[in-house]
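Engineer: Mind having a look at this structure? Questions to follow.
The values are calculated or read from the model by the stated rules, or taken from the named source; none is laboratory data. Predicted, not measured: the structure shown is a model, and the values here were computed from it. Here the Cβ positions follow ideal geometry from the backbone for every residue, glycine too, while neighbour counts run over all protein chains shown.
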Amino acid sequence: MQKDPILEFDNVAVEYQLDEGVVRAVNGVSYKVFPDETLAIVGESGCGKSQSSYAAMGLIQPPGRITRGHIWFREADGKPRIDLAGLDRNSKEIRSIRGGKLAMIFQEPMTALSPVHRIGRQLDEVLKLHTDMGKPQRIDRGCEMLRRVGIPDARKRYDQFSFEFSGGMRQRIMIAIALACNPRVLIADEPTTGLDVTIQSQILELMKTLQAEHHMAVVLITHDLAVVAETADRVAVMYLGRIVEMADVKTLFAAPKHPYTIALMKSVIGSPLAADGRLQTIRGSVPGPLERVPGCDFHPRCDACIPGLCDKQEPVFKDIDGKTQVSCHLFC
Amino acid sequence: MLGRYILKRALLAVPTLLLISFSIFMFIQLPPGSYVEVKIEQMKKEGTVDMSEVNQLISRYKLDQPAHVQYVFWMGGLLRGDMGESFVDGRDVVDILAERLPPTVAISVITICLTWAIAVPFGIFAAVKKNTVWDYLLTFIGLAAMATPGFVLALVFQMAAVGWAESHGATFDPSGLFSREYLGEPWSFGKVIDMAKHIWIPVAILGVAGTAGMIRILRANVIDELRKQYVLCARARGLHPVLVILRYPVRVAINPMISNIGLVLPQIISGSLIIEKVLNLETVGPKLLMSLQNQDTYMAAGIVLMQCVLAIVGILVSDVLLSMIDPRIKFGAK
């Protein structure tokens, strides 16, 4: 992977200015994604994994805003990169990128399509916005996309409404809409949450196939480690708005470093890391959004916590062996 | 498909109307006494009781017969387009309705259109600006408007109109829908113009509370929809933020309001009775009140029947409209 990264987060922070205080949803996230690569971002609910990708799409709604960092996006190889973090969320520049070269699919496919518009209307919309195709071409392209995501009888289905499709079908349609303009990056925010297991693997399989055809980069946001193991090339583990560990998928599963990553893996049913075969839990709970933890964010829940160090000093995120980057005092 | 559906509904309306008309007729007869007694009382006050006149009234309208016989008599007339006679006015009910319905409908239709035209943009605005100064300001104005009784506004508006006319050296009679010279005249171009000069007062008064209420409803509907995933998805496609709101959440939020249209139609007749009374309008509402007080059976039954027809038509209209704009709703689907 000697190519330029398509998407590059550089120390990005997202904060919500509320009456009760400041919520730091994303707190200094940095990562790169390359063509043909799938980066999985894993973490519990509320760890900022979705918020970081919303930041790239310009979908952070006030009172939230990007307070720090750069999100570099390269529309094409050799072209200068654009800082998405510096664009107004409603600006023409970012609107011309999102949905076109930078696309996203969301969780809850059941409500992702308008209940009163034909699905073709929504496919047509994205093509009209990002290409200069004429109407008949757009219909052809829309139907072609439906066929490619595995929807039979595409021309007829094109004129149907969302309630005439099942949940899995709706997520396929969302993928068709997202990929209609050949994006360079697809951000998939829990794309299979709420779908049953067979449909889940079909959707993931479909994403892989389409990724290979388009040389897309995929950022897969999930809390499901099984999905990560199945699809990702590299994994970033997030906790409280920060990436605590990042490694390629084999390294991460074979030798997890950060105590949080290890704890996360132990709490999966059938995990080999759980010595006595019983399901482990992570003690304590995620601190409230307004709470500030001194030192390492994870130290109150960490079994390997070193008193006097972990609760005082913030660990630095760094490369420890050429394979894994981690932010933990145990590896300094 | 649509034609057959409407035909089916129209046929279904016939037994409904029969049942309703029978109930109306019986309910109107329920209070003790009848117009005959009212008439005799009036004559007593005037001094002489002319029994021959009373007997003539009784025999003409079969007032000595039981109520169901009178109903059949009334129905028979109705089928020939004869709605009977108003005892009080001594004129045909059809004529009175023909005179009073046009201004009534005009006031209501203009009010409804105005209400929508104002409420829709402001409702969307309040929803988008939720919990900002703008939203609070609109909420405050809305609550004040809803809490002010219409008849108080009526008096205030009348005074304002007279004051304005006087300061411009003109005279203006704010009472009623027409100037004196057009009263009782047949419809003419001049009469319509004259009505336009007067109609803004009732329209403004009736519109105030309705608009304020509708802004609240639309605001709540739009806020509900703005949270939905499909709005975020539309935004993620790169659609302009204004278009995102107009094309998706607003489109969905309008649907329940369409079903409201059907409920508005019957209100055309009696929805604004107090205000019409205060403004002394020659509309149907005050007539209904008077006829009920005087046991003027045919007049009252005629008006209430009219209202029922409007209710049935209104519900049919909103059903058809709703099924046209909301694909989730199908005609006659079980």
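Engineer: Are there any pairs with C-beta distances below 7 angstrom linking a residue in segment A:297-319 that is closer than 14 Å to A:V244 by Cα to a residue that is assigned to a loop (DSSP other than H, G, I, E, B) and acidic (D, E), with the two at least 6 apart or on different chains, and if so which?
Structural biologist: Hits for this filter: A:H299/A:D311.
Engineer: Anything in segment B:279-306 that is crowded, with 22+ Cβ neighbours inside 10 Å and more than 21 Å from B:S21 (Cβ to Cβ)? List them, or say none.
Structural biologist: Scanning segment B:279-306 gives B:L279, B:L281, B:T283.
Engineer: If you scan segment B:321-334, which residues turn out to be in contact with a helix residue (DSSP H, G or I) (Cβ under 7 Å, 6 or more places away or on another chain) and either assigned to a helix (DSSP H, G or I) or within 14 Å of another protein chain (Cβ to nearest Cβ) (or both)?
Structural biologist: Correct list: B:L321, B:L322, B:I325, B:D326, B:R328, B:I329, B:K330.
Engineer: Turning to a different aspect of this structure: What single numbered condition from (1) under 21 Å from B:W74 (Cα atoms); (2) surrounded by fewer than 20 Cβ atoms within 10 Å (Cβ to Cβ); (3) modelled with pLDDT under 85 fails to hold for B:V309?
Structural biologist: Just one mismatch for B:V309, condition (3).
Engineer: If you go through segment A:80-93 one residue at a time, do you hit one that is within 8 Å of chain B (Cβ to nearest Cβ) and either surrounded by fewer than 19 Cβ atoms within 10 Å (Cβ to Cβ) or not in a loop (DSSP other than H, G, I, E, B) (or both)?
Structural biologist: Checking segment A:80-93: at least one residue is within 8 Å of chain B (Cβ to nearest Cβ) and either surrounded by fewer than 19 Cβ atoms within 10 Å (Cβ to Cβ) or not in a loop (DSSP other than H, G, I, E, B) (or both).
Engineer: Restricting attention to segment B:221-238, and to residues there that are of a type outside the set (G, A, S) and facing chain A (nearest Cβ under 7 Å), which single residue is farthest from A:M104 (Cα to Cα)?
Structural biologist: By that ranking, first place goes to B:K228.
Engineer: Quick check on my filter: what residues within segment A:101-111 are in contact (Cβ under 8 Å) with a residue 24 or more places away in the chain and out of contact with any Ser or Thr (no Cβ under 8 Å at 6 or more places or on another chain)?
Structural biologist: Selection gives A:K101, A:L102, A:A103, A:I105, A:F106, A:P109, A:M110.
Engineer: Right, next: All but one of (1) in contact (Cβ under 8 Å) with a residue 60 or more places away in the chain; (2) more than 10 Å from chain B (Cβ to nearest Cβ) hold for A:G120, so report the exception by its number.
Structural biologist: Unmet for A:G120, out of (1) in contact (Cβ under 8 Å) with a residue 60 or more places away in the chain; (2) more than 10 Å from chain B (Cβ to nearest Cβ): (1).
Engineer: Another question about this same structure. Please indicate, with yes or no, whether at least one residue in segment B:239-253 is more than 14 Å from chain A (Cβ to nearest Cβ) and in a helix (DSSP H, G or I).
Structural biologist: Taking every residue of segment B:239-253 in turn, none turns out to be more than 14 Å from chain A (Cβ to nearest Cβ) and in a helix (DSSP H, G or I).
Engineer: Looking only at segment B:1-20, which residues are over 19 Å from B:Y71 (Cβ atoms) and not aliphatic (A, V, I, L, M)?
Structural biologist: B:G3, B:R4, B:Y5, B:K8, B:R9
Engineer: Also, I was wondering about something else. Can you tell which of B:L206, B:L218 is at pLDDT 90 or above, surrounded by 22 or more Cβ atoms within 10 Å (Cβ to Cβ) and away from every other protein chain (no Cβ under 14 Å)? Spell out the reasoning first.
Structural biologist: Working: B:L206 fails: at pLDDT 90 or above.
Just a single option satisfies the conditions, and that option is B:L218.
Engineer: So, one more: Give segment A:94-117 a look and list any residue that's part of a loop (DSSP other than H, G, I, E, B) and more than 7 Å from chain B (Cβ to nearest Cβ), or say none.
Structural biologist: A:K101, A:Q107, A:H117
Engineer: With the condition being farther than 30 Å from A:A232 by Cα and charged (D, E, K, R), I'd like the helices (runs of 4 or more DSSP H) fully within segment A:131-194 carrying at least 2 qualifying residues.
Structural biologist: Counting at least 2 such residues, we get A:135-148, A:154-158.
Engineer: Limited to segment A:279-311, what total is found for residues that are surrounded by 13 or more Cβ atoms within 10 Å (Cβ to Cβ) and either touching a helix residue (DSSP H, G or I) at 6+ places or on another chain (Cβ under 6 Å) or part of a loop (DSSP other than H, G, I, E, B) (or both)?
Structural biologist: Selection size over segment A:279-311: 17.
Engineer: Just to verify a result, which residue in segment A:94-124, among those that are among the basic types (K, R) and surrounded by fewer than 21 Cβ atoms within 10 Å (Cβ to Cβ), is nearest to A:S166 (Cα to Cα)?
Structural biologist: Once the filter is applied, the top-ranked residue is A:R118.
Engineer: Then there's this: Restricting to segment B:132-182, name every residue that is under 27 Å from B:L218 (Cβ atoms), assigned to a loop (DSSP other than H, G, I, E, B) and among the polar types (S, T, N, Q).
Structural biologist: B:T132, B:T148 - these are the residues of segment B:132-182 that are under 27 Å from B:L218 (Cβ atoms), assigned to a loop (DSSP other than H, G, I, E, B) and among the polar types (S, T, N, Q).
Engineer: Right, another one. Out of all the residues in segment B:275-307, which are in a helix (DSSP H, G or I) and touching a Pro at 6+ places or on another chain (Cβ under 8 Å)?
Structural biologist: Matches in segment B:275-307: B:I275, B:E276, B:K277, B:L279, B:Q307.
Engineer: Of all residues in segment A:213-228, how many are assigned to a helix (DSSP H, G or I) and modelled with pLDDT under 90?
Structural biologist: Adding up the residues that qualify gives 5.
Engineer: Exactly one of these conditions fails for B:H198: (1) buried (at least 20 other Cβ atoms within 10 Å of the Cβ); (2) part of a helix (DSSP H, G or I); (3) within 14 Å of another protein chain (Cβ to nearest Cβ). Give me its number.
Structural biologist: (3)
Engineer: Follow-up question, since we're still on this one. When the residues of segment B:88-138 are narrowed to those that are more than 19 Å from the chain's Cα centre (by Cα) and among the acidic types (D, E), which ends up nearest to B:S34 (Cα to Cα)?
Structural biologist: Within segment B:88-138, the match that is nearest to B:S34 (Cα to Cα) is B:D89.
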